[in-house]
Amino acid sequence: MSFEPRIVAFLCNWCSYRGADLAGTSRIKSAASVKPIRVMCSGRVEPTMVLKALQEGADGVLVLGCHPGDCHYHSGNYKTRRRLLMLGNMLEQLGIEKERVRLEWVSASEGSRFAQVVNEMAEQIKELGPLALNASS
Amino acid sequence: MKNDIKIGVYVCNCGSNIAGSLDTAAVTEYAQTLDGVTIARNYVFMCSDPGQELIRNDIRELGLNRVVVAACSPIMHEATFRRVVGEAGINPYLLEIANIREHCSWITEDKGEATAKAKALIAAAVSRVRHHQPLETRKVAINPKTLVVGGGIAGIQAALEIADSGHRVYLVEKTPSIGGRMIQLDKTFPTLDCSACILTPKMTQVGSHPFIELLSYSEVAEVSGYFGNFKVKVRQKARYVDAEKCNGCGLCQEKCPIKTPSEFEAGMGPRKAIYTPFAQAVPNTPVIDTEHCTYFLKGKCRLCEQVCPRQAIAFDQEDEITEIEVGSIILATGYEVFDPSPISLYGYGQLDNVITSLEFERLVNSAGPTGGEIKLKDGSAPQSVAIVHCVGSRDQNYHEYCSRVCCMYALKYAHLIKEKLSADVYEYYIDMRCFGKGYEEFYKRLSDEGVSFIRGKVGRVTDEAESPEEKGKLVVVAEDTLIGAMTRVPVDMVILCTALEPSPDAEETARRFNISRSADGFFLEKHPKLDPVATTTDGVFIAGCAQGPKDIPDTVAQASAAAARVLALISRGEVEVEAMTACVNEDLCCGCRTCAALCPYSAITFDAEKGVSNVNDVLCKGCGTCVAACPSGAISARHFTNEQIMAEIEGLLR
């Protein structure tokens with residue numbers, strides 16, 4: 001059986017969640033393997049939440065926020081960018097490819113971009129294969 | 001305690017919107033098996049009255065204390081279902097929505113995959129909702145004053161609607177006078193009302209209204225505060241004329257020796273360095289343009305000062321910052337006209353007598369630079385005119401969207417040309433879009449007036465003649481797609497119907513007021529169908545072309561709608577503010593103040609006595625970035641606690 005990845009996507013309430021809604025309203029199909037969790041701001045996403053998702057069986061984590069300069073809370077997206085950069089280094093130390101965690105900007109009007117980002121992520125995780133977190137420990 | 005959790009799960013079919021793409025019966029059956037679920041039901045329309053009653057009944061009869069609704073986006077119906085559960089006696093925040101429509105049924109090709117995803121989303125919601133806590137919303141009083149930004153027809157209309165109800169409005173206009181684009185137009189389609197004749201009475205009303213404070217030649221410098229209680233700093237630029245003393249006699253403008261192209265006349269005529277943009281300007285106080293005034297450039301002249309009978313010239317005036325407090329804001333900042341120079345094949349800026357639509361408006365206006373005579377550069381009257389539609393609109397290279405008004409104003413031009421001259425008129429169109437009341441009839445009338453309609457996008461405008469009859473003419477080269485042949489039509493004048501595009505400062509404005517823009521750059525409304533005047537920032541509304549190209553009737557309607565929304569808020573008197581704020585557990589806080597440095601709203605203060613941080617509920621907007629950063633886990637975000645999010649992750653990956 002082919003590998004079907006499990007991916008968690010954290011979506012900020014103001015841009016990305018609405019962008020995803022627009023993808024829905026416009027019936028733009030995308031990979032069902034990416035499953036959303038709504039947060040008010042991408043700046044709410046703690047690195048531990050990303051780790052938690054990987055630990056619970058996700059093969060990849062997507063964090064989507066407003067474009068730089070457009071954050072509903074001015075600068076939450078910049079903060080999540082810094083946190084995820086640091087997390088990337090840590091993931092490597094843990095033997096997890098840092099490509100499994102990806103930060104992207106999707107605005108409320110970018111329904112097609114949402115679908116594109118989701119599909120790209122699903123493809124990328126498919127290529128990387130399952131995350132062997134438990135097997136390697 | 002956890003054993004007392006009783007969850008009801010309500011799976012909506014949404015007609016066939018959800019049930020058509022996934023197996024809602026199987027999903028409901030699955031939900032029934034989840035931990036803590038007392039009842040799972042499936043219904044055709046959960047948001048309908050019987051659907052809502054189903055939930056209320058179960059809460060009352062089964063003693064449910066948590067509810068999951070698996071339906072459309074929470075952006076759509078979270079408020080509805082919060083109200084429903086509240087009516088049945090449980091706290092509105094003990095609800096979670098699983099978005100199985102926008103995020104599942106509508107975007108998943110395979111029914112099996114969609115069903116599996118819906119199950120995961122519901123499991124996540126069920127897992128999360130058991131950790132929900134009751135929250136109380138707070139109410140704050142609304143300041144009944146309103147800020148309207150932009151003094152075009154949209155801003156004027158909105159300001160008058162609100163002020164007429166007896167509530168104070170601050171109207172901020174960037175240029176020296178209100179009137180906007182509409183005051184530059186000659187006639188309005190399809191009724192051919194004179195634009196100035198119908199607008200100037202409204203402008204005068206604004207100027208003298210006891211409830212409107214007009215801040216012209218001003219810009220919003222800073223916005224702070226929150227819904228119902230915004231604090232706004234307005235920069236009033238120095239006019240260098242004392243408005244109290246000036247009586248608008250115009251002597252200064254008459255004597256000023258400096259001439260420069262007038263913005264109001266679209267560059268077709270001159271103005272002085274001290275000027276009022278046009279005769280009926282409101283306010284009628286001139287301004288000195290420091291970029292052209294000899295005194296400001298070279299330190300001498302001051303002729304205006306010498307001739308002013310009222311000593312109103314004030315060279316030492318400085319910009320002033322005014323602070324105002326308002327409850328609501330309406331943005332009516334208008335649009336910019338597309339500059340066709342980049343489309344070099346149309347020859348704008350290179351060939352004489354290729355002009356833009358706005359230039360033609362001034363040319364044909366009886367108060368314009370030619371007194372309303374349609375003239376070529378050499379002063380003669382054109383014998384033939386080509387009107388080119390969709391310049392910069394419906395064009396992948398510039399703007400993909402339709403500017404909506406061009407077909408109609410192009411027809412108006414044809415009529416005005418036919419009325420004033422005996423010239424031949426050619427309309428080059430892609431599609432005729434005459435969508436409004438009386439518009440199609442106007443199109444029919446113009447066809448009867450002898451205008452030639454050519455269906456095709458113009459490829460080129462050239463002065464290179466290929467035959468004797470083309471000599472000295474502008475040749476319009478286009479494919480007539482109805483006959484499938486290339487055509488060359490020699491004309492004397494070409495009018496380019498230029499696109500409406502977002503203001504150059506739309507991006508800055510959007511950021512200043514914390515609203516979003518759509519892909520085309522115009523301001524984004526909260527909902528494209530059902531909430532076209534609100535934005536994602538509560539208390540900030542939009543109207544007119546700032547939201548997207550539209551004609552005057554639609555602009556007026558939208559401006560009135562925005563005003564109605566503001567008046568509704570004012571009459572309610574208070575607003576519920578978000579309960580989802582951050583709070584500090586003082587026992588865990590180590591007083592490091594990492595949070596305070598991150599807060600974009602300065603909502604976190606430090607209690608030096610206790611050595612802990614505190615969150616000010618009124619200022620906190622609940623973004624949660626402080627929560628994510630707190631090294632001791634002392635701050636939690638109400639309704640987005642770590643516990644809730646972690647449980648959601650567990651449920652999702654179950």
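Restricting to region B:163-177, name every residue that is buried (at least 24 other Cβ atoms within 10 Å of the Cβ), within 22 Å of residue B:564 (Cα to Cα) and of a type outside the set (D, E, K, R).
B:169, B:171, B:172
Can you list the strands (runs of 3 or more DSSP E) found entirely within region B:335-411 that contain at least 1 residues being among the aromatic types (Phe, Trp, Tyr) and touching a strand residue (DSSP E or B) at 6+ places or on another chain (Cβ under 6 Å)? Walk me through it before giving the result.
On the way: elements: B:335-337, B:354-356, B:384-391.
Strands (runs of 3 or more DSSP E) meeting the threshold: B:335-337.
Among the listed residues B:115, B:108, which satisfies the condition of being in contact (Cβ under 8 Å) with a residue 60 or more places away in the chain and assigned to a loop (DSSP other than H, G, I, E, B)? Lay out the reasoning, then the answer.
Numbers: B:115 fails: assigned to a loop (DSSP other than H, G, I, E, B).
Only one candidate qualifies: B:108.
Take the residues of region B:623-654 that are free of Cβ contacts under 8 Å to residues at least 60 places away in the same chain and assigned to a helix (DSSP H, G or I): which is farthest from the other protein chains (Cβ to nearest Cβ)?
Of the residues in region B:623-654, the ones free of Cβ contacts under 8 Å to residues at least 60 places away in the same chain are B:623-637, B:642, B:646.
With assigned to a helix (DSSP H, G or I) added as a condition, the list becomes B:625-629, B:642, B:646.
Details: B:625: 4, B:626: 9, B:627: 6, B:628: 4, B:629: 7, B:642: 7, B:646: 6 Å.
If we take residues in region B:623-654 being free of Cβ contacts under 8 Å to residues at least 60 places away in the same chain and assigned to a helix (DSSP H, G or I), then B:626 is farthest from the other protein chains (Cβ to nearest Cβ).
When the residues of region B:439-492 are narrowed to those that are of a type in the set (A, V, I, L, M) and in a loop (DSSP other than H, G, I, E, B), which ends up nearest to residue B:384 (Cα to Cα)? Steps first, please.
As a first pass, look at region B:439-492 and keep what is of a type in the set (A, V, I, L, M): B:446, B:451, B:454, B:458, B:461, B:465, B:474-478, B:482-483, B:485-486, B:489, B:491.
Next, from what is left, pick out any that are in a loop (DSSP other than H, G, I, E, B): B:451, B:465, B:482-483.
Working: B:451: 11, B:465: 16, B:482: 22, B:483: 22 Å.
Filtering region B:439-492 for residues that are of a type in the set (A, V, I, L, M) and in a loop (DSSP other than H, G, I, E, B), the one nearest to residue B:384 (Cα to Cα) comes out as B:451.
If you go through region B:597-606 one residue at a time, do you hit one that is within 14 Å of chain A (Cβ to nearest Cβ), in a helix (DSSP H, G or I), within 24 Å of residue B:538 (Cβ to Cβ) and touching a helix residue (DSSP H, G or I) at 6+ places or on another chain (Cβ under 8 Å)? Outline the logic, then answer.
Just the residues of region B:597-606 that are within 14 Å of chain A (Cβ to nearest Cβ), to begin with: B:597-604.
Of the ones still in play, those that are also in a helix (DSSP H, G or I) are B:597-598.
Keeping just the survivors that are within 24 Å of residue B:538 (Cβ to Cβ) gives B:598.
Pick out the ones that are also touching a helix residue (DSSP H, G or I) at 6+ places or on another chain (Cβ under 8 Å) and you get B:598.
For region B:597-606, residues within 14 Å of chain A (Cβ to nearest Cβ), in a helix (DSSP H, G or I), within 24 Å of residue B:538 (Cβ to Cβ) and touching a helix residue (DSSP H, G or I) at 6+ places or on another chain (Cβ under 8 Å): present.
Please state which one of B:344, B:384 is without any contact (Cβ under 8 Å) to a residue 60 or more places away in the chain and more than 30 Å from residue B:562 (Cβ to Cβ). Steps first, answer last, please.
Details: B:384 fails: without any contact (Cβ under 8 Å) to a residue 60 or more places away in the chain.
Unique residue meeting the criteria: B:344.
Could you tell me whether residue B:620 is closer than 23 Å to residue B:534 by Cα, assigned to a loop (DSSP other than H, G, I, E, B) and either within 35 Å of the chain's Cα centre (by Cα) or not aliphatic (A, V, I, L, M) (or both)?
Working: closer than 23 Å to residue B:534 by Cα: yes; assigned to a loop (DSSP other than H, G, I, E, B): yes; either within 35 Å of the chain's Cα centre (by Cα) or not aliphatic (A, V, I, L, M) (or both): yes.
The answer is yes for residue B:620.
Being crowded, with 20+ Cβ neighbours inside 10 Å and either over 21 Å from residue B:623 (Cβ atoms) or without any contact (Cβ under 8 Å) to a residue 60 or more places away in the chain (or both) narrows it down to one of A:79, A:126, so name that one. Talk me through it step by step, then tell me what you get.
Numbers: A:126 fails: crowded, with 20+ Cβ neighbours inside 10 Å.
Being crowded, with 20+ Cβ neighbours inside 10 Å and either over 21 Å from residue B:623 (Cβ atoms) or without any contact (Cβ under 8 Å) to a residue 60 or more places away in the chain (or both) holds for just one of A:79, A:126, which is A:79.
Quick one: how many residues across region B:1-36 are polar (S, T, N, Q), assigned to a loop (DSSP other than H, G, I, E, B) and touching a strand residue (DSSP E or B) at 6+ places or on another chain (Cβ under 8 Å)? Give the derivation first.
Of all residues in region B:1-36, those polar (S, T, N, Q) come to B:3, B:13, B:16-17, B:21, B:24, B:28, B:32-33.
The next check asks that each one be assigned to a loop (DSSP other than H, G, I, E, B); those that pass are B:13, B:16-17, B:21, B:33.
From what is left, the residues that are touching a strand residue (DSSP E or B) at 6+ places or on another chain (Cβ under 8 Å) are B:13.
Looking only at that region, the number is 1.
Please work out which residue is farthest from the other protein chains (Cβ to nearest Cβ), limiting yourself to region B:85-98 and to residues that are closer than 21 Å to residue B:638 by Cβ and not in a loop (DSSP other than H, G, I, E, B).
B:86
Go through region A:18-42 and report how many residues are at the interface with another protein chain (Cβ under 7 Å from one of its Cβ atoms) and under 22 Å from residue A:124 (Cα atoms).
Of the residues in that region, 9 qualify.
To keep it simple, each residue is scored yes or no on (1) more than 29 Å from residue A:22 (Cα to Cα); (2) crowded, with 17+ Cβ neighbours inside 10 Å; (3) polar (S, T, N, Q); (4) modelled with pLDDT under 95.
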site	(1), (2), (3), (4)
B:21	no, yes, yes, no
B:41	no, yes, no, no
B:82	no, yes, no, no
B:90	yes, yes, no, no
B:106	no, yes, no, no
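Mind counting the residues in region B:3-18 that are without any contact (Cβ under 8 Å) to a residue 40 or more places away in the chain and in contact with a helix residue (DSSP H, G or I) (Cβ under 8 Å, 6 or more places away or on another chain)?
Here is the first cut: in region B:3-18, the ones without any contact (Cβ under 8 Å) to a residue 40 or more places away in the chain are B:3, B:13, B:15-16.
Narrowing the set further to residues that are in contact with a helix residue (DSSP H, G or I) (Cβ under 8 Å, 6 or more places away or on another chain) leaves B:13.
Qualifying residue count for the region: 1.
Quick one: residue B:254 ticks every box in (1) farther than 30 Å from residue B:511 by Cα; (2) not in a helix (DSSP H, G or I) except a single one, so which number is it?
(2)
Kindly evaluate residue B:438 against the criterion of being within 33 Å of the chain's Cα centre (by Cα), surrounded by fewer than 20 Cβ atoms within 10 Å (Cβ to Cβ) and under 25 Å from residue B:365 (Cβ atoms).
Values: within 33 Å of the chain's Cα centre (by Cα): yes; surrounded by fewer than 20 Cβ atoms within 10 Å (Cβ to Cβ): yes; under 25 Å from residue B:365 (Cβ atoms): yes.
When the stated conditions are applied, residue B:438 passes them.
The values are calculated or read from the model by the stated rules, or taken from the named source; none is laboratory data. Owing to the predicted nature of the structure, the values given are computational and were not obtained by experimental measurement. Neighbour counts run over all protein chains shown; Cβ positions are idealised from the backbone, glycine included.
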